[in-house]
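The values are calculated or read from the model by the stated rules, or taken from the named source; none is laboratory data. Keep in mind that what you see is a predicted model, and the values were worked out from it rather than measured. Positions of Cβ are backbone-derived with ideal geometry, glycine not excepted, and every protein chain shown enters the neighbour counts.
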Amino acid sequence: MKTRQLPPSFYRCSALQVAPDLLYCRLAVRESSGKIKRLTISETEAYVGEEDLACHASRGRTTRTEVMYQEGGVFYVYLIYGMYYMLNVVTAVRDRPEAVLIRGTREVSGPGRLTRDLQLGGELNGRPVTPKSGVWIEEKERPPKRIRKGPRVGVSYAGAWADKPYRFIGEDR
DNA sequence: CATTCGATCGGG
DNA sequence: CCGATCGAATGA
């Protein structure tokens, strides 16, 4: 059984490349019991920088978006609607604010449910995507048979950017 | 300071 | 469709 974690170079390119590449990779979480839970990533969305009106960084550096400006390979986690944490992986190079939202896994659908079920929160924000953080990502054993693309969810306010096919769903048929 | 609002979810 | 629930962003 392969359990290789993704190399740092994986995250150092565009979110548009990383988002589909993350499909079927394994999200690994070390639980308090010491046991490691692994989920297969099945849905992602790319947020591609300051020009992207759906990206939080479209309004520049702020307290919240600062981690997006880090070199790819750290988590960007924020609270939304006062009750759900969104789990993102920062990609690209330093000062290039791109990120991939992990929207769902085969086991758990929905970005809010995912973090709730795995009990992941703000403490992960800015931490590296490595076992040191207790949460990391491992290589896929096989790629999805198909990758469906579509507009991102919940960003209708983003004008022309709302329609771009930056949402990726991995399927086996 | 005050107010608005969101990369969601679950219930009706 | 609507309410929950709260921090960050925005505006006065």
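Observations on the structure shown:
- Pairs where the first residue, in region A:53-68, is at pLDDT below 95 and the second is more than 7 Å from DNA strand C (Cβ to nearest atom), C-beta under 8 Å, 6+ apart: none
- Matching entry among A:SER133, A:SER156 (being within 16 Å of DNA strand C (Cβ to nearest atom) and of a type outside the set (D, E, K, R)): A:SER156
- Single residue of region A:69-97 satisfying the filter (within 7 Å of DNA strand B (Cβ to nearest atom) and in contact (Cβ under 8 Å) with a residue 40 or more places away in the chain) that is nearest to A:VAL153 (Cα to Cα): A:ASN88
- Some residue of region A:68-80 being farther than 21 Å from A:TRP161 by Cβ and within 12 Å of DNA strand C (Cβ to nearest atom): yes
- Number of positions in region A:110-130 that are within 16 Å of DNA strand C (Cβ to nearest atom) and among the hydroxyl-bearing types (Ser, Thr, Tyr): 1
- Only one of the listed residues (A:ARG61, A:ARG103, A:ARG113) is assigned to a loop (DSSP other than H, G, I, E, B) and out of contact with any Lys or Arg (no Cβ under 7 Å at 6 or more places or on another chain). That residue is A:ARG61.
- When each of A:VAL29, A:VAL100 is tested for being within 10 Å of DNA strand B (Cβ to nearest atom), modelled with pLDDT of 95 or more and either more than 24 Å from A:GLY154 (Cα to Cα) or of a type in the set (A, V, I, L, M, F, W, C) (or both), the lone residue that passes is A:VAL100.
- Screening region A:81-96 for residues that are in a strand (DSSP E or B) and not β-branched (Val, Ile, Thr) and picking the one that is farthest from DNA strand C (Cβ to nearest atom) gives A:LEU87.
- The set of residues in region A:126-138 that are in contact with a Lys or Arg (Cβ under 9 Å, 6 or more places away or on another chain) and either assigned to a helix (DSSP H, G or I) or more than 18 Å from A:ALA46 (Cα to Cα) (or both) comprises A:PRO131, A:SER133, A:GLY134, A:VAL135, A:TRP136, A:GLU138.
- Single residue of A:GLU141, A:GLU71 found to be touching a Lys or Arg at 6+ places or on another chain (Cβ under 9 Å), part of a loop (DSSP other than H, G, I, E, B) and closer than 16 Å to A:THR40 by Cα: A:GLU141
- Against the test of being more than 9 Å from DNA strand B (Cβ to nearest atom), more than 15 Å from A:ARG152 (Cβ to Cβ), without any contact (Cβ under 8 Å) to a residue 60 or more places away in the chain and of a type in the set (Asp, Glu), the options A:GLU50, A:GLU107 yield a single qualifying residue, A:GLU50.
Results for (1) loosely packed, with under 13 Cβ neighbours inside 10 Å; (2) closer than 21 Å to A:PHE10 by Cα; (3) among the charged types (D, E, K, R), shown as yes or no for each residue.
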residue: A:ARG103; (1), (2), (3): no, yes, yes
residue: A:GLY110; (1), (2), (3): no, no, no
residue: A:THR115; (1), (2), (3): no, no, no
residue: A:ARG127; (1), (2), (3): no, yes, yes
residue: A:TYR166; (1), (2), (3): no, yes, no
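- Extreme residue, nearest to A:ARG146 (Cα to Cα), among residues of region A:1-26 that are aliphatic (A, V, I, L, M) and either surrounded by 15 or more Cβ atoms within 10 Å (Cβ to Cβ) or at pLDDT 95 or above (or both): A:LEU23
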